[in-house]
1. Only one residue in LEU209, LEU224, LEU282 is over 30 Å from SER140 (Cβ atoms) and in contact with a Pro (Cβ under 8 Å, 6 or more places away or on another chain), so which one is that?
2. Do we find a residue being surrounded by fewer than 20 Cβ atoms within 10 Å (Cβ to Cβ) and outside any helix (DSSP H, G or I) anywhere in the range 108-116?
3. So GLN11 ticks every box in (1) outside the structural domain of ASP197 (by TED's automatic domain parsing); (2) in contact with a Phe, Trp or Tyr (Cβ under 8 Å, 6 or more places away or on another chain); (3) not β-branched (Val, Ile, Thr) but one. Which box is left unticked?
4. What residue, of ALA267, ALA173, is within 21 Å of GLY137 (Cα to Cα), of a type in the set (A, V, I, L, M, F, W, C) and free of Cβ contacts under 8 Å to residues at least 24 places away in the same chain?
5. Looking at GLY228, GLY218, GLY199, GLY178 in this structure, which one is crowded, with 18+ Cβ neighbours inside 10 Å and not aliphatic (A, V, I, L, M)?
6. Taking into account only those residues within the range 39-78 that are touching a residue at least 12 places away in the same chain (Cβ under 8 Å) and not in a helix (DSSP H, G or I), which is farthest from the chain's Cα centre (by Cα)?
7. How many residues are more than 19 Å from the chain's Cα centre (by Cα) and under 22 Å from ASP145 (Cα atoms) when one looks only at the range 246-260?
8. Can you pull out the residues in the range 169-184 that are part of a helix (DSSP H, G or I) and more than 17 Å from the chain's Cα centre (by Cα)?
Amino acid sequence: MKSVLEALHRQYTAERILDSDPLGIVHDRMPAAAEQVELTAFLAAMFAYGRVASIRNFITSLLDQSEDPIQWITECGQSEVRQIAVPGPYRFQSRSDVQWILHSVGKLYHSHAKKSTIASPGISSRSGALPIESQFGDPSMPIADRIAHLQAALWQGIPGPARSPGIKHWIGAMDSKGARKRICMFLRWMVRTEHPDLGLYKSFDAASLVIPLDVHMGRMARNLGLTGRKTLDWTTAVEVSRKIASISGGDPARYDFALTRPGILGACKAKFVASICGQCRLQPICIHGRQR
């Protein structure tokens, strides 16, 4: 299995197919200061539902409101919510939801800037941690607890009356049994150093990551025998991550980008299709390929 997965990994790493992934939004805006890369990646990951083109247009419309996105988001944290300019609603979030989200994220950046200035002007707090990174809590905590710590920080910026279903969807519940796919995806981008990931977070070990479990990864994991579970929850995500780590040498997110490309690019139909499966590198280890 490892040789097949490595071949698939090399294929998609070499081809650099980023137009099909929200991470392409971040690469399109490179090079940039680390804090700006983090902000772009965080917004791109957290609004990553729907077509990539729609995500790209929305994130671009947010960040292009200022020549200095960090100053802009920091000002969002200090502004009256209704004064924050947004392009409109987005999928599950109303216009008001988006304003509150930007206000909450902006408060984190404003708080980080204040702490950094007090500690030493021009030097980030928490031993160089970036603004969002510093909200994940103690590096010694399990990754589920660190994710919950970030969620708690985001919730602190949202008063009770504003906690709409759209915002609950965006931040998520701290005690959720869900897969936390978007935050896990963001962490993969920021922690892993191999292309296409960015490698900017130093307070995480890549070995601690949990696979971003979406419908494409869930289906592929079942096809390859990495799990027998159909529920796309945290338990399944951890199970698949451990299986991949045992194959990859301790890197649970190594094959995430490659394994999700066939489904995203229409090269996997969740059943045997001779014209497609015959060309797929995964056929020798896929349940549908082996059956034929």
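The values are calculated or read from the model by the stated rules, or taken from the named source; none is laboratory data. Nothing here was measured: the structure is a model prediction, and the numbers come from that model. Using ideal geometry, Cβ is built from the backbone for each residue, glycine included, and neighbour counts are taken over all protein chains shown.
1. LEU282
2. Checking the range 108-116: not a single residue is surrounded by fewer than 20 Cβ atoms within 10 Å (Cβ to Cβ) and outside any helix (DSSP H, G or I).
3. Going through the list (1) outside the structural domain of ASP197 (by TED's automatic domain parsing); (2) in contact with a Phe, Trp or Tyr (Cβ under 8 Å, 6 or more places away or on another chain); (3) not β-branched (Val, Ile, Thr), GLN11 breaks only (2).
4. So the residue among ALA267, ALA173 that is within 21 Å of GLY137 (Cα to Cα), of a type in the set (A, V, I, L, M, F, W, C) and free of Cβ contacts under 8 Å to residues at least 24 places away in the same chain is ALA173.
5. Answer to the selection: GLY218.
6. Once the filter is applied, the top-ranked residue is GLN65.
7. The total comes to 1.
8. none
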